[in-house]
Each structure stands twice: as C-alpha cells, then as structure tokens.
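Below you'll find the structure, written out as structure tokens, and then a few comments.
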Amino acid sequence: MIKAVIFDMDGTALDSMTYGYANNITYLELLGVDMDHAAIPKLASRGWNLTADEVNQALGTDFCNKAFKDGYLETHHLMYQNEYKLMPGFIEFLDYLDTKGIKYGIATATRLYGAEEVFKRFDLLDRLDFITTEGRVGKTKNFPDLYIHAANLVGCDASNTIVFEDALYAVKTAKDAGFKTIALKEKFFEEDHAEIEAVADLFIEDFNDLLNKINKEDYQL
C-alpha cells in the first residue's frame, strides 16, 4: 500500500525545464564564452546537471565548479520567484493524495531556499510534508540516498513510496533502489523517452493524464 509520494521539482512538479534551457544560455552568455561554439546547445541542454568541468572541457575555459554552480543557480532564482508554473494537474493530484491520506513532498537537486520560494508562491509550502535536497545528503540523484532520506522523513521506505521523476538517470536510481516510479514526459528529455518508458512503472503526459487513468481504473496507486 502506498503511504508516501516523492516529487522531483524541476520538470516534474514545476514546468521549468523548457525555460531552464533559455536560462542556461543566458548564464553562458553572462560568462562571456564563445556562444557560436558548436557545443553550446548540448551544454545548455544538460539542465541542472551542467558542470564547470563540462564547459571547460568543451570550450577550453577554466571555471571553478563551486562558483559556476552558484552562478548557474542564481540565474534561475528570479524565475522561481516570478515565472515558473506548476505542471498541469499537479494541485489536483495533491488533492487526490489528501483524500487518500498519502503524505507527499519534494526531493530536488536545487537549493532549499529556491524550492521554498517556489512553493510559497503557490501557497503550497505548508501543505507539503517535506522539502529536501541533494545538499541534505551530500549526494546527487545518481545515488539513492536522497530518495531514502525523503521517505524516512515521513516514516516510509521504498516498499510503500512512489517517486515521480522526469530524467532517465533519476528514474533508474529510484527504480534500482526499490521504489515504485512514475515518469513524466518532459520534452526536454525527449531523446530518452523510449528508455524512460521501459524503466518506469508508468509513463504519463502530466498529472491530469494520471488522474484520468486513476478515474478510469486503468491505474491504481
């Protein structure tokens, strides 16, 4: 029986990945790199996983990882405060979880203050049972620690928790750790859709799609 749900934030609860590509371009421009370089589109498409090492290797620059990450996240901060929207059907799905008494929260790669500002803007901060980040466990979503930590925050474990993700590597991590997984069809990761669908327990368009499947009894949590 499912007792908890863990949502990724960017690209899952929050429609931010498409905008994120543009923000990545803006940040690279701010750094003064050669924007005509053939590697720029590929670097920008790395989303939250882009590192200074990748930029340095591709462009011959010498950025420091910590400073790069700090600046990179800052470019998204104003968008968190003002622009990004929730994924279609997200609030309605939270309503559904409330009727079932299922706890839920956010496990994200971004910083806590940014995540808190997002959900405060939508008046959801007090509604979430937790928001936790990679920084809280010291590991990325290439490792299961964040999901295990998030489930433990509400007294649950992999056997009774669903993880919602949009990126292939994160879906694989959660699945391999024993969590039930539902993946959203994020167009930012379109080239991975076939593999994501093969790995995840369910692959959905958005939360409205999931609610329709539940209402039609095509899927049960």
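Coordinate-derived values only; no laboratory data. Just so it is clear, the structure is predicted and the values come from calculations on it, not from any experiment. Cβ coordinates were reconstructed from backbone atoms using ideal geometry, including for glycine residues, and neighbour counts include every protein chain displayed.
Annotations for the structure displayed:
- Across His77, His193, His37, mean-square fluctuation computed from a Gaussian network of the chain (C-alpha pairs under 10 Å connected) peaks at His37.
- Each of Ile40, Ile91 has some number of other Cβ atoms within 10 Å of its Cβ, and from fewest to most they run Ile91, Ile40.
- With R₀ fixed at 25 Å, the C-beta to C-beta distance from Glu205 to Asp95 puts the FRET efficiency at about 0.85.
- Comparing Thr12, Thr108, Thr173 in a Gaussian network model of the chain, where Cα atoms under 10 Å apart are tied by springs, the biggest mean-square fluctuation is seen for Thr173.
- Residue of Val163, Val171, Val199 that the Gaussian network model of the chain assigns the largest fluctuation, springs spanning Cα pairs under 10 Å: Val199
- Distance from the C-alpha centroid of the range 90-146 to that of the range 64-81: 20 Å, rounded to the whole angstrom.
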